[in-house]
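Below: the structure, in structure tokens.
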Amino acid sequence: MFSLLGPLQVMDSAREIPVQAAKQRAILAVLLLRPNRVVTFDLLTSELWAAGPPATAKTSLQTYVYRLRQAIAPLVARGVELQTQGSGYLLTVPDGVVDLRTFEDLTVGGAEALAAGDPGGAAKCLREALAMWRGPLLADVDVELVRQERRRLEEICLNTYEMCLEAELRLGRGIHVVPELEQFIAAHPFRETLWIMVMRALHSGGRRMEALAAYRRLYRILDEELGIRPNAEVQLLYQDILHGHPASPLLSSGQR
């Protein structure tokens, strides 16, 4: 019903419920990031008016919440309800209706499967999780809590990609994920985990010289941009490839 992984979207079956006013969308976003918990008036006020609330803040907040409650009223029959409780508001949502929570559950499931030696199950969970992304978290809402969560989720999303690609490597599909890895490297050139993966993928696919060239690219980038050298794990993997050690899709250098 609630899609947060991209622009905020509210659905009732196949029908979209419009929540167009910026302040209402911001309130809904904050409540969805704190589901089934009371969100205080003070927190909402500080999020809506970061520079300081106007004299009419309390009345305006009540009006925005009233209109938001009307907008999502069709979802009450499905267990979604916005209530006033004490010094704040409580948005009750059942399990499985917020895509962010489903994404996090799938990510945890994928990580557990990978740790348990089930790369096939891990890849399935993690690909399903990644397919849910439509863009940055709550891309059309700009309040501090959303910005904080967006930064947190960007890192989690990148870790999820890394775990997924690791699962693919362990399944022997390394050469097929090289283009995907190169895209991520272009966006995150200092993330050495990605370079390790692309070197392993190329080496396991019989492209030893390209794997060595990838190391030299990383070396040059780190040297020119940061004045440092690749970490010990990358250097050990480079030495393995350089000296013709058998390629292993299952283990990185640091796991030996």
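Checking each residue in segment 45-77 for being touching a residue at least 12 places away in the same chain (Cβ under 8 Å), farther than 18 Å from Thr92 by Cα and among the β-branched types (Val, Ile, Thr) picks out only Thr45. On inspection, Glu233 does not qualify as in a helix (DSSP H, G or I) and closer than 30 Å to Trp133 by Cα. Looking for something among the hydrophobic types (A, V, I, L, M, F, W, C), part of a loop (DSSP other than H, G, I, E, B) and open to solvent by 10 Å² or more (accessible area, probe 1.4 Å) - is there at least one such residue anywhere in segment 30-42? Checking segment 30-42: not a single residue is among the hydrophobic types (A, V, I, L, M, F, W, C), part of a loop (DSSP other than H, G, I, E, B) and open to solvent by 10 Å² or more (accessible area, probe 1.4 Å).
Taken together, the residues in segment 96-131 that are in contact (Cβ under 8 Å) with a residue 24 or more places away in the chain and closer than 15 Å to Leu32 by Cβ amount to 8. Restricting attention to segment 183-218, the residues that are surrounded by fewer than 18 Cβ atoms within 10 Å (Cβ to Cβ) and within 23 Å of the chain's Cα centre (by Cα) add up to 8.
Would you confirm, using the coordinates I've provided, whether Glu104 is touching a Leu at 6+ places or on another chain (Cβ under 7 Å), farther than 25 Å from Trp49 by Cα and of a type in the set (Asp, Glu)? Break it down stepwise before answering.
Working: touching a Leu at 6+ places or on another chain (Cβ under 7 Å): no; farther than 25 Å from Trp49 by Cα: yes; of a type in the set (Asp, Glu): yes.
Judged against the criteria, Glu104 is not a match.
All of Pro35, Pro18, Pro53 fail the test of being under 19 Å from Arg150 (Cβ atoms) and not small (Gly, Ala, Ser), apart from Pro35.
Pull up segment 105-134, narrow it to residues that are acidic (Asp, Glu) and in a helix (DSSP H, G or I), then point me to the one that is least open to solvent (accessible area, probe 1.4 Å).
Kept after step one, since they are acidic (Asp, Glu), are these residues of segment 105-134: 105, 112, 118, 128.
Narrowing further to those that are in a helix (DSSP H, G or I): 105, 112, 128.
Numbers: Asp105: 110, Glu112: 120, Glu128: 94 Å².
Out of the qualifying residues, it is Glu128.
Mind listing whichever residues of segment 1-25 are under 15 Å from Arg69 (Cα atoms), open to solvent by less than 50 Å² (accessible area, probe 1.4 Å) and either in a helix (DSSP H, G or I) or not aliphatic (A, V, I, L, M) (or both)? Phe2, Asp12, Gln24, Arg25, listed by residue number. Once segment 45-95 is narrowed to residues that are of a type in the set (Phe, Trp, Tyr) and assigned to a helix (DSSP H, G or I), the residue that is surrounded by the most Cβ atoms within 10 Å (Cβ to Cβ) is Tyr64. The condition of being under 16 Å from Glu162 (Cβ atoms), part of a loop (DSSP other than H, G, I, E, B), at pLDDT 95 or above and in contact with a helix residue (DSSP H, G or I) (Cβ under 8 Å, 6 or more places away or on another chain) does not hold for Pro249.
Taking segment 38-50 only, how many residues are over 16 Å from Gln148 (Cβ atoms) and in contact with a Pro (Cβ under 9 Å, 6 or more places away or on another chain)?
Of segment 38-50, the ones over 16 Å from Gln148 (Cβ atoms) are 38, 40-42, 45, 49.
Checking the rest, the ones that are also in contact with a Pro (Cβ under 9 Å, 6 or more places away or on another chain) come to 45.
Here the count works out to 1.
Please determine, by comparing only the residues of segment 135-182 that are open to solvent by 20 Å² or more (accessible area, probe 1.4 Å) and not in a helix (DSSP H, G or I), which one is nearest to Leu48 (Cα to Cα). Within segment 135-182, the match that is nearest to Leu48 (Cα to Cα) is Asp142.
The values are calculated or read from the model by the stated rules, or taken from the named source; none is laboratory data. Remember, it's a predicted structure, so these values are computed and weren't measured experimentally. Heads up, the Cβs are rebuilt from the backbone with ideal geometry, glycines too, and the neighbour counts pull from every protein chain shown. Remember, those area values only see protein heavy atoms, side chains included, never the ligands or the DNA or RNA. Shrake-Rupley method; radii C 1.70, N 1.55, O 1.52, S 1.80 Å.
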